[in-house]
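J.: Here it is, the structure, as structure tokens.
The values are calculated or read from the model by the stated rules, or taken from the named source; none is laboratory data. Here the structure is a predicted model, which means the values were calculated and not measured. Here the Cβ is made from the backbone with ideal geometry for all residues, glycine too, and neighbour counts use every protein chain on show. Note: accessible area is taken over every heavy atom of the protein model, side chains too, but ligands, DNA and RNA are not part of it. Shrake-Rupley method; radii C 1.70, N 1.55, O 1.52, S 1.80 Å.
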Amino acid sequence: MSEFFKKIAEKPFILASGILGVSYSSMKRIFEGGAGAVVTKSIGPILRKGYKNPSIIEILPGTFINSVGLANPGIDNFISEIKELKQNNITTIVSVFGDSIETYTQVAVKAQDAGADAIELNISCPHAEISIICQNKQLTYEYVVAVKKELKIPLIVKLSPNVTDIGEIALSAEKAGADAITAINTVNAMVIDIETQRPILSHGSGGLSGKAIHPIAVKKMFDLYKIVRIPIFGCGGVFTGEDAIEFFLAGASAVQIGSALYQDYNAITNIINSAKKYLEVHNYKSFSDIVGNAHKFETQEAPDF
Amino acid sequence: MIKKPRMVQISEIVQESKDVKTFTFNIKSILSNYSIQYQDPTPGEFLMVWVPGIDEIPMSLSGFNNNKDWSITVKEVGECTEMLFNLEKSDLVGIRGPFGNGFQIPEFNFNNQLNIVVGGGIGMAPLIPLISELIKLKIKIIVIEGVKSKEEIIFKKYLKNYLIENETFYISTDDGSYGYKGFATDLFNSIIEKEIEKGNKINQVYSCGPEQMMYELFHICEKFNISFQGSLERMMRCGFGMCGLCVLDPSGIRVCREGPILDSKILRTCTDFGKYNRDFSGKKNTI
Ligand SMILES: Cc1cc2nc3c(=O)[nH]c(=O)nc-3n(C[C@H](O)[C@H](O)[C@H](O)COP(=O)(O)OP(=O)(O)OC[C@H]3O[C@@H](n4cnc5c(N)ncnc54)[C@H](O)[C@@H]3O)c2cc1C
Ligand SMILES: Cc1cc2nc3c(=O)[nH]c(=O)nc-3n(C[C@H](O)[C@H](O)[C@H](O)COP(=O)(O)O)c2cc1C
Ligand code: FES
């Protein structure tokens, strides 16, 4: 096991991309709160302002819709944040996107050179152009192969739930050399204001995150665990220790936490402590002892008539 | 708290100066239509104000009352504020919030304390409900309003209902067209020295305005060992602590959540204060 995956195995809780991932100092707080690694905001080749506001809204308690639109300062302006992260000994996964195979690779290599411990390939943002990659197994293969070829550090590929068959995309990524998979990115969604009768987000539609998508993400994890051999990081609606444990049982090697962290910087510590409590109460030594345990049961395949 | 943007009807518009207007709206209908739990706002909290089709921007509450009439006071500076300026009475505007921490206000008047409130231009907006609250608590205050020129003075009539000009309420203009000629920071310095000479103890300074002004005020307060609270402005996307755009280095403090009101203790550790902010992409720039 590489150094990076050893660190993740020790502390299988990771900050998800796009939440409090602009500045090294917020990521530092989350790392200090017990995360094994942080994923930065998705970084592209050039500065990008993204969509106008409203772009992030809480639509139900703990459930959010966003269309940030991959706003980011561009990799060259972000190098200093990566260096700060590394100076603070923070295990750093840089989330990367581009507008072509070349730019994806360029950004990933620049992040690697700046000291990133791993790269997470964002091919799955539902409200940006790049989402076409994750909807096509051939494109996924080509992008992953190309980026992987230039990397010495692990490559994680982040997948979208907004596809017909997430399994074939995951297989494609694995075949192309991905070292791990993150599932899932946000779920395509829309909210309409009934007074003005118009969509609320400036972009119209966006991605759903938080509590409402947790069961969707658990099901994707359950399905993916049967299909791929590389580690899968579960992501979507982890707000409590129970939510995290569900992911491990479905097959996650680690969980990513995003939306829940808006509450305060202690949120991640509370989730981790509560998940550890479960291990203690049930006499397990580590999270790896429960990975995939939900697969041990036979479920009813055909309905009773 | 209103979490999803909700449309309210503007009930009153007051022109405060050439490029500043106060918009008032009643939020009772939102609360009842959408069964939203109500909590009284705290002075210093802000709303995200949505002009459909244009943008959604942070605006401090410049007033609120028991009838649940809320107001914002807006300076026209760009696209979204210009569109707000085109709105008329009865037009709809979207709001969510209030967000942020609000000022820490002493619970009662102890030891005959003196508090000083310093606003720079449109920075007076969140200070108005604060001043009302301090007056209600019978805390002795001095208010300083600093503007570039006479035409920019706002809320003078309102403040003169409670305070006496050149005793407890001062105006400074950079060009000397009204009141004290010079920066609010210089006026503040001389007032402090005078009060200290008189043997008065200043417990607390509250401020909102251009960051350079607050930066200087903070350092004057440090010199005199007076605790300071300033309302900071940073680019805001979510307004409730999720996106990380408004984070300050190196503490990780989120201006939209742990702020916008930050006190001396936090400002002392903040390397961004008075120096750097971020644009909408997240790129760090010098102020
Ligand atoms: C907590 C807080 C409270 C505020 N309270 C008031 C107030 O009471 N009255 C008032 O007139 N102004 C207030 N502002 C400033 C106000 O938000 C900006 O003037 C407004 O966003 C300008 O929008 P625009 O489209 O007209 O201008 P633009 O041309 O879009 O921008 C002009 C400048 O406004 C600022 N700005 C633009 N968008 C945002 C954003 N999403 N978040 C933060 N700043 C932005 C930037 O500094 C920008 O350079 C407050 C800002 C913050 C952060
Ligand atoms: C405001 C916001 C911004 C996001 N930005 C990104 C991004 O830049 N890159 C990415 O891969 N995922 C992004 N995501 C998706 C999250 O990383 C995560 O996959 C999703 O929110 C589900 O997890 P959660 O329910 O724990 O938030 C974003 C999510 C939110 C809410
Ligand atoms: S504006 Fe999003 S965290 Fe403060």
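J.: Step by step: first the residues of the stretch B:246-269, then only those that are surrounded by fewer than 20 Cβ atoms within 10 Å (Cβ to Cβ) and touching a strand residue (DSSP E or B) at 6+ places or on another chain (Cβ under 9 Å), then the one that is farthest from B:Q212 (Cα to Cα). Which residue is that?
T.: The selected residue is B:K265.
J.: Now, a different point. Can you confirm whether A:S25 is open to solvent by 20 Å² or more (accessible area, probe 1.4 Å), at pLDDT 95 or above, small (G, A, S) and assigned to a helix (DSSP H, G or I)?
T.: So A:S25 does not fit the description; no.
J.: Can you name every residue in the stretch B:125-161 that is in a strand (DSSP E or B) and open to solvent by 50 Å² or more (accessible area, probe 1.4 Å)?
T.: Scanning the stretch B:125-161 gives a single hit, B:K140.
J.: For residues in the stretch A:238-267 being within 11 Å of ligand 2 (Cβ to nearest atom) and within 14 Å of chain B (Cβ to nearest Cβ), which is farthest from A:G21 (Cα to Cα)?
T.: A:F239
J.: Here is a list: B:V147, B:V143, B:V118, B:V49. Which entry is closer than 30 Å to B:S29 by Cβ and hydrophobic (A, V, I, L, M, F, W, C)?
T.: Selected residue: B:V49, the only one of B:V147, B:V143, B:V118, B:V49 that is closer than 30 Å to B:S29 by Cβ and hydrophobic (A, V, I, L, M, F, W, C).
J.: Pairs please, first residue from the stretch B:232-244 and hydrophobic (A, V, I, L, M, F, W, C), second anywhere and in a loop (DSSP other than H, G, I, E, B) and more than 9 Å from ligand 2 (Cβ to nearest atom), Cβ atoms under 6 Å, 6+ apart in sequence or on different chains.
T.: From the stretch B:232-244, the pairs are B:L232/B:V255; B:L232/B:G259; B:L232/B:P260; B:M235/B:L245; B:M235/B:F280; B:M236/B:C246; B:M236/B:C256.
J.: Among the residues of the stretch A:56-74, which ones are under 19 Å from the mean Cα position of the chain (by Cα) and small (G, A, S)?
T.: Of everything in the stretch A:56-74, those that are under 19 Å from the mean Cα position of the chain (by Cα) and small (G, A, S) turn out to be A:G62, A:S67, A:G69, A:A71.
J.: I've got another one for you. Restricting the first residue to the stretch B:247-275 and requiring it to be among the aliphatic types (A, V, I, L, M), which pairs with a second residue that is within 16 Å of ligand 2 (Cβ to nearest atom) meet a Cβ separation below 6 Å and a spacing of at least six or different chains?
T.: Cβ pairs passing all conditions: B:V247/A:S23; B:V247/A:S26; B:V247/B:R254; B:V255/B:C246.
J.: Among B:Y206, B:Y276, which is the only one that is among the hydroxyl-bearing types (S, T, Y) and open to solvent by 40 Å² or more (accessible area, probe 1.4 Å)?
T.: Every option except B:Y276 fails the conditions.
J.: Moving on to the next point. Looking only at the stretch A:60-89, which residues are part of a loop (DSSP other than H, G, I, E, B), open to solvent by less than 10 Å² (accessible area, probe 1.4 Å) and in contact with a helix residue (DSSP H, G or I) (Cβ under 8 Å, 6 or more places away or on another chain)?
T.: Result: A:G62, single match.
J.: May I pose another question? For the stretch A:46-59, which positions are of a type in the set (A, V, I, L, M) and open to solvent by 20 Å² or more (accessible area, probe 1.4 Å)?
T.: Answer for the stretch A:46-59, where residues must be of a type in the set (A, V, I, L, M) and open to solvent by 20 Å² or more (accessible area, probe 1.4 Å): A:I46, A:L47, A:I59.
J.: Being in a helix (DSSP H, G or I), open to solvent by less than 30 Å² (accessible area, probe 1.4 Å) and either in contact with a Cys (Cβ under 9 Å, 6 or more places away or on another chain) or away from every other protein chain (no Cβ under 14 Å) (or both): is that true of A:A116 here?
T.: no
J.: Just one of (1) of a type outside the set (K, R); (2) within 14 Å of chain B (Cβ to nearest Cβ); (3) more than 15 Å from the chain's Cα centre (by Cα) trips up A:I290, so point out which.
T.: Going through (1) of a type outside the set (K, R); (2) within 14 Å of chain B (Cβ to nearest Cβ); (3) more than 15 Å from the chain's Cα centre (by Cα) one by one, A:I290 breaks only (2).
J.: Given the criteria more than 30 Å from B:K3 (Cβ to Cβ) and within 14 Å of chain B (Cβ to nearest Cβ), does A:N88 qualify?
T.: Yes: the conditions hold for A:N88.
J.: Please determine whether any residue of the stretch B:117-135 is small (G, A, S) and within 14 Å of chain A (Cβ to nearest Cβ).
T.: no
J.: Of the conditions (1) away from ligand 3 (no atom under 16 Å from the Cβ); (2) within 24 Å of A:I57 (Cα to Cα), B:L217 clears all except one; give me its number.
T.: For B:L217, the failing item is (2).
J.: Kindly indicate whether B:I36 is crowded, with 20+ Cβ neighbours inside 10 Å and within 21 Å of A:I194 (Cα to Cα).
T.: In short, no.
J.: Filter the stretch A:1-59 for residues that are hydroxyl-bearing (S, T, Y), more than 7 Å from every other protein chain (Cβ to nearest Cβ) and touching a helix residue (DSSP H, G or I) at 6+ places or on another chain (Cβ under 9 Å) and give the result.
T.: Within the stretch A:1-59, A:Y24, A:T40 qualify.
J.: How many residues are polar (S, T, N, Q) and either on the phi > 0 side of the Ramachandran plot or within 16 Å of ligand 2 (Cβ to nearest atom) (or both) if we restrict to the stretch B:244-287?
T.: 1
J.: Can we say B:G53 is open to solvent by less than 30 Å² (accessible area, probe 1.4 Å) and either in the same structural domain as B:F169 (by TED's automatic domain parsing) or not in a strand (DSSP E or B) (or both)?
T.: Spelling it out, it is not the case that B:G53 is open to solvent by less than 30 Å² (accessible area, probe 1.4 Å) and either in the same structural domain as B:F169 (by TED's automatic domain parsing) or not in a strand (DSSP E or B) (or both).
J.: Kindly list the number of the only condition in (1) more than 10 Å from ligand 1 (Cβ to nearest atom); (2) open to solvent by 40 Å² or more (accessible area, probe 1.4 Å); (3) more than 19 Å from the chain's Cα centre (by Cα) that fails for B:E79.
T.: Result: B:E79 fails condition (1) only.
J.: Follow-up. Tell me, which residue of the stretch A:28-37 that is under 17 Å from the mean Cα position of the chain (by Cα) and in a helix (DSSP H, G or I) is farthest from ligand 2 (Cβ to nearest atom)?
T.: A:F31
J.: Step by step: first the residues of the stretch B:231-287, then only those that are near ligand 1 (Cβ under 9 Å from one of its atoms) and small (G, A, S), then the one that is nearest to the other protein chains (Cβ to nearest Cβ). Which residue is that?
T.: The residue in question is B:G239.
J.: Against the condition in contact (Cβ under 8 Å) with a residue 24 or more places away in the chain and open to solvent by 10 Å² or more (accessible area, probe 1.4 Å), how does A:I166 come out, does it pass?
T.: When the stated conditions are applied, A:I166 passes them.
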